[in-house]
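As structure tokens, the structure follows; a few thoughts come after it.
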Amino acid sequence: MQVRRKKRPQQTAQSILHQISEVVHNVGQSRFELYVAGDLVGVLGYSIDETNGEKVLTIMHTVLYDEFSGHGLATRLTRGALDYVVDQGAKVRPVCSYTKHYLTTHPGVAPIAA
């Protein structure tokens, strides 16, 4: 009797990149950094100020190396920054066009917008 084994579905390049990527908060540089397999591939720059007694994180830009674009990594990087905003009980002011788009397409996150 022959036993058939189920084939595991092949992973996409996007899922593999997400598995080997990590978002790191670099407080000294006022940015979040995205690493893939240990290499820096993207940054999200911000500034922090206080408005009406609330901490506000202004996201200035999101930048990825071209070869890493189109795989959902900017979303991963942005989500890492927004998770930090939520953890801090802060608000976000998006200057970055990508972050503005992210907040528009993810209405559940919109309440943290300043």
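Observations on the model:
- Straight Cα distances below 29 angstrom link Lys55 to the lysines Lys91, Lys100, with same-chain residues fewer than 8 positions distant left out.
- Read-out mean projected area of the Cα convex hull in nm², derived from the coordinates shown; its label in (1) 13.0; (2) 9.8; (3) 10.9: (2)
- Residue among Ala90, Ala37, Ala81 with the largest mean-square fluctuation in a Gaussian network model of the chain, springs linking Cα atoms under 10 Å: Ala37
- Rounded to 10°, Cα long-axis angle of helix 73-88 versus longest principal axis of the chain: 50 degrees
Each reported figure results from applying straightforward, stated rules to the coordinates on display, with no laboratory input. For clarity, every value in this text was computed on a predicted model and none was experimentally measured.
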